[in-house]
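**Student:** Have a look at this one before I ask anything.
The values are calculated or read from the model by the stated rules, or taken from the named source; none is laboratory data. All values reported here derive from a predicted model rather than from experimental measurement. Here the Cβ positions follow ideal geometry from the backbone for every residue, glycine too, while neighbour counts run over all protein chains shown.
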Amino acid sequence: MSEEQTGDKEIDIEANADADADADAEFEVEDRSGGDSPKRSNAVAWFAILLSLLAVVAVGYSLFLDWRSADDSRESETLAAIEAVNRRLGNVDETLTMLDQQIAGIEHPDYSDEFDAISKDVDERIRLLNSLPSRMTSIEATVASLAGISAGARETFLLAEGEYYLQIANAQLQLANNPHLAALALSMADERITQLSDPALTDVRRAISDEMAALDVMEKPDLEGTTLTLASLARVVESLPLRGAGLATDDNSDDLDPDAGTFKRAWGSVKDAMSGLVKVTPPEQAKLELVSPDAEEFLRNNIALQLQAARLALLRGEQVIFEQTLDDASALIDAYFDTGSEQVVSTQKTLSEIRGHVFTRAVPDISGSLRLLRQYRTLRESNE
């Protein structure tokens, strides 16, 4: 082996030795650094967790403060709304108190006792009138069955009975305006006069026949139909619309234009608020707007009572009371109800027709037969 080769081997050995020494040194450095890294990473992790907890706490505290502030604002708004409602309720109570005082100060006549008395009187008169024919027939049979009665006494009794029926006929036609009962009384009087069989009473019977014919062609009032119509009107009054029911909705008919600008809408709101401070209301409209539900019920009942009073006056033949009660009912309807409604117009038209056609017929004169019968009776008594 040459020296050069030997020298190369030595250089290689030394190089390998240096490389091993460097590797050992690097291994030692790696061992040292590797021992400290887990401790540092754990500390960083705990520090990050601590920061996260602090952030969560801070966020929660800020949310809690926001919630408290929102709750306080809602509570203040609720209290303000409650106070506003209380003020409005106070104003409503004052208005109702004023209405009660005004209603209590109005004096209204009570017709209930008078109506009851009139109804009892009419029923009693009708009962007596219906029982009259049977009673007179019974009296005639009793008088005819008496032993030893003279023919003159019987004729006198029949004559007085015929005169009585003629008086009833005139009273029913002239005072009660009832041609039906007048014709019935005339027929009963004619039956009594026929039983006398006296030729001198021919003129009386002829007059009775003419008067019955005049009553037949006379336009008779439909009392039953009229009373039923008045009863129907008394029920219709409960559904008639009051005047001024839709006035409250007219003030809010002009809404703000949603397409207008912010300035225009703000100016429109201010203008509406200022225009609502001053409001001019006519006296009659103000009176109508103060009608409470109790006053409305009282008004409708009052009109119904007026119509019932007209029915009783019609049955009794009292023309003045009949027309006055219809005029009062028509005036109340015209003052407090919507005259533009078809239902109100129809009611007023019906009242006008009833008032103008019940007592406007030409009543014939049926007193001629009574006058002739009295003349005959006077002559008979003078002859006797």
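**Student:** Looking at the range 79-96, can you tell me whether even one residue there is modelled with pLDDT of 55 or more and under 30 Å from Leu305 (Cβ atoms)?
**Tutor:** Among the residues of the range 79-96, at least one is modelled with pLDDT of 55 or more and under 30 Å from Leu305 (Cβ atoms), which makes the answer yes.
Residue-wise test of (1) assigned to a helix (DSSP H, G or I); (2) of a type in the set (A, V, I, L, M); (3) surrounded by fewer than 19 Cβ atoms within 10 Å (Cβ to Cβ); (4) not assigned by TED's automatic domain parsing to the domain that holds Asp116.
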position	(1), (2), (3), (4)
Glu297	yes, no, yes, yes
Ile321	yes, yes, yes, yes
Thr325	yes, no, no, yes
Asp328	yes, no, yes, yes
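**Student:** Still on this structure: Show the residue pairs meeting these rules: Cβ distance below 6 Å; 6+ apart or different chains; first residue within the range 182-205 and assigned by TED's automatic domain parsing to the domain that holds Leu166; second residue polar (S, T, N, Q).
**Tutor:** Cβ pairs passing all conditions: Ala182/Gln172; Val204/Ser369.
**Student:** I've got another one for you. Name every residue in the range 191-223 that is closer than 13 Å to Leu370 by Cα and in contact with a Gly (Cβ under 6 Å, 6 or more places away or on another chain), in order of residue number.
**Tutor:** Result: Ile193, Ala207.
**Student:** Further, regarding this structure: Give the residue that is farthest from the chain's Cα centre (by Cα), with candidates limited to residues of the range 142-158 that are surrounded by 10 or more Cβ atoms within 10 Å (Cβ to Cβ), in a helix (DSSP H, G or I) and at pLDDT below 75.
**Tutor:** Gly152
**Student:** I would also like to ask the following. So, in the range 99-118, of the ones that are among the β-branched types (Val, Ile, Thr) and assigned to a helix (DSSP H, G or I), which residue ends up modelled with the lowest pLDDT?
**Tutor:** Filtering the range 99-118 for residues that are among the β-branched types (Val, Ile, Thr) and assigned to a helix (DSSP H, G or I), the one modelled with the lowest pLDDT comes out as Ile103.
**Student:** Of the residues that make up the range 212-223, is at least one assigned to a helix (DSSP H, G or I), modelled with pLDDT of 90 or more, assigned by TED's automatic domain parsing to the domain that holds Glu163 and within 22 Å of Leu314 (Cβ to Cβ)?
**Tutor:** no
**Student:** Of (1) at pLDDT 80 or above; (2) outside any loop (DSSP other than H, G, I, E, B), Gly356 satisfies all except one. Which?
**Tutor:** It is condition (1) that Gly356 fails.
**Student:** Considering Val204, Val237, which residue is within 30 Å of Leu305 (Cβ to Cβ), at pLDDT 85 or above, crowded, with 17+ Cβ neighbours inside 10 Å and not small (Gly, Ala, Ser)?
**Tutor:** Val237
**Student:** Name the residue, out of Ala248, Ala260, that is modelled with pLDDT under 65, under 30 Å from Asn302 (Cα atoms) and among the small types (Gly, Ala, Ser).
**Tutor:** Testing whether each residue is modelled with pLDDT under 65, under 30 Å from Asn302 (Cα atoms) and among the small types (Gly, Ala, Ser) leaves just Ala248.
**Student:** Separate question: Here are some residues: Ser269, Ser253. Which one is at pLDDT below 65 and surrounded by 11 or more Cβ atoms within 10 Å (Cβ to Cβ)?
**Tutor:** Of the residues listed, the single one that is at pLDDT below 65 and surrounded by 11 or more Cβ atoms within 10 Å (Cβ to Cβ) is Ser269.
**Student:** In addition: Quick one: how many residues across the range 150-205 are among the small types (Gly, Ala, Ser) and under 23 Å from Ser131 (Cα atoms)?
**Tutor:** 10
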